[in-house]
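A short worksheet on the structure shown next.
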Amino acid sequence: MRVAVLSDTHLRAPTPWFEAVYERHLAPADRVYHCGDHAGYGLWSSLLRHPGFEAVAGNSDGYDLAAELPPLLERDLCGLRLAVTHGWGPRPGLAARIAKAFAKRYDLVFFGHSHAAEDVVIGGMRLVNPGSCSPGGSLALLDCQEGEGVHSIRFVSV
């Protein structure tokens, strides 16, 4: 299964640049998770065309969009307990704060907020931040198999 993870797009609506990213990296994915800060109802609603799309609210999402989205998603992904969140507070130490807050509850956490791509293991929990999906930024592509967990994670420059 191919999973695309993005965050911090900060777009009110899709641009030609974002449409190209969608066609190349998101459309072929089985699942797409957005870790918040879409920053526009138009962008979020355009992503709903993907049948495997889910998202959480970020601190820069407007009230109308934040009202539609949860702050946390909990799912099963390839036999792993997955959480999707945006993140909070200062950017330094973000992964460690999330690991402490979610200790022993999840195997895998997707998060954003810091705009920095990161793949770390803390306390047995794998935390993946895809970075900011904006020109010059990145997103993450994961390959996993049911019952076998994550086979690979790679960051793609966009």
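Condition test on PHE111, is it of a type in the set (Phe, Trp, Tyr) and touching a Cys at 6+ places or on another chain (Cβ under 6 Å)? So PHE111 passes the test. For region 5-32, taking the residues that are under 17 Å from SER157 (Cα atoms) and assigned to a strand (DSSP E or B), the one that is farthest from the chain's Cα centre (by Cα) is identified as VAL32.
Just one of GLY87, GLY136 is closer than 30 Å to PRO16 by Cβ, part of a loop (DSSP other than H, G, I, E, B) and in contact with a Leu (Cβ under 8 Å, 6 or more places away or on another chain); which is it?
Result: GLY87 is the single residue among GLY87, GLY136 that is closer than 30 Å to PRO16 by Cβ, part of a loop (DSSP other than H, G, I, E, B) and in contact with a Leu (Cβ under 8 Å, 6 or more places away or on another chain).
When you check ARG126 against the structure, is it surrounded by 18 or more Cβ atoms within 10 Å (Cβ to Cβ), among the basic types (Lys, Arg), modelled with pLDDT of 95 or more and farther than 13 Å from LEU6 by Cα, yes or no? When the stated conditions are applied, ARG126 passes them.
Filtering region 89-105 for residues that are touching a residue at least 12 places away in the same chain (Cβ under 8 Å), under 24 Å from ASP30 (Cα atoms) and in contact with a strand residue (DSSP E or B) (Cβ under 8 Å, 6 or more places away or on another chain) leaves an empty set. Quick check on my filter: what residues within region 33-74 are part of a loop (DSSP other than H, G, I, E, B), touching a residue at least 12 places away in the same chain (Cβ under 8 Å), open to solvent by 60 Å² or more (accessible area, probe 1.4 Å) and farther than 22 Å from GLU118 by Cα? If the condition is that a residue be part of a loop (DSSP other than H, G, I, E, B), touching a residue at least 12 places away in the same chain (Cβ under 8 Å), open to solvent by 60 Å² or more (accessible area, probe 1.4 Å) and farther than 22 Å from GLU118 by Cα, then GLU68 is the only one that fits.
The values are calculated or read from the model by the stated rules, or taken from the named source; none is laboratory data. Source: prediction; values computed, not measured. Neighbour counts are summed over all protein chains in view; Cβ atoms, including those assigned to glycine, are modelled from backbone coordinates with ideal geometry. Quick note on the areas: whole protein, heavy atoms, side chains included, nothing else; ligands and nucleic acids left out. Shrake-Rupley method; radii C 1.70, N 1.55, O 1.52, S 1.80 Å.
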